[in-house]
Amino acid sequence: MKTDPTPNSTASGSEGRWIGCCAFAAIAIVALLAYGAFALDNLQKGMDGYGQMEQDGASGSVTEPLGPGSTARYEDGLRVTVGPPHAEAGGAYAFSVTYENGTDDELLPGGESLEDSVLEYGPAPLVVRPGKPRDDYVSDYDLTVLDREKTASLLMPPLAEGETRTVPVRIKPTRAGIPVTVEVAVPDAGYRETAYFQLTAS
């Protein structure tokens, strides 16, 4: 009896090509979906002006302030870290604010004016005030920002792309243990959220 293997070979070849085409189509669909998600994310960031914060845990907003040693991470690549305070002689406390410019532009962390760059009550690029972020005003304690002009002068120079700068801040509260709010609002031509940090003078 004579058998012809050709029909089986043809069927196997057709089936292999069909599976290959399906696999290619599936890969193409996944790639298109991934690209679409990426493009949508970039569109959303572009509409926000890349000035939104994005991090796990506390948002860094007035209702969810970041703690000492935490970093506010912005969509455009800016990173701002406020270090924990440590006690100094005479009832003073010192901490640092570190700016990491991962954006594509030069930044002015101190704004345009030396006098208005560091204040105890805002708005300003750097505000250090007594109380918690949601407190409008506190009357039973206060603080003074020491060496304000020195802090402002370190904050004022332009921060180039890829550059990091750490600015020391010294304060003197009327008593130890009070809550301290640090507001960081790096000026932006479009929009940038203010990052709120809550420390304790202890």
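Quick notes
- Couplings for the stretch 116-132, taken from phi via the Karplus curve 6.51 cos²θ - 1.76 cosθ + 1.60 with θ = phi - 60°, read 9, 7, 10, 10, 8, 9, x, x, 6, x, 9, 10, 10, 9, x, x, 8 Hz in order; Gly and Pro are left as x.
- Gain in span if fully extended, Ile27 to Tyr191, counting 0.36 nm per residue against the direct Cα distance: 55.2 nm
- Debye intensity ratio I(q)/I(0), log10, the stretch 46-103, q values 0.28 Å⁻¹ (C-alpha model): -1.14
- Across the stretch 59-69, computed HN-Hα scalar couplings (Karplus, 6.51 cos²θ - 1.76 cosθ + 1.60, θ = phi - 60°) run 7, x, 7, 5, 8, 10, x, 7, x, x, x Hz from first to last residue, x flagging Gly and Pro.
- From phi via Karplus (6.51, -1.76, 1.60), per-residue ³J(HN,Hα) for the stretch 163-172 in Hz, x at Gly/Pro: 8, 10, 9, 10, 10, x, 10, 10, 10, 10
- Evaluated with a Cβ-only charge set (Lys, Arg +1; Asp, Glu -1), the stretch 45-134 carries a dipole of roughly 500 debye about its Cα centre, given to the nearest 20.
- Potential lengthening between Asp142 and Gln52 on full extension [0.36 nm per residue; Cα-Cα distance subtracted]: 29.3 nm
Read-outs: derived from the displayed coordinates by stated rules, not from any lab. Keep in mind the model is a prediction, meaning the values are calculated, not measured. Please note: Cβ atoms are built from the backbone with ideal geometry, for glycine as well, and neighbour counts cover all protein chains shown.
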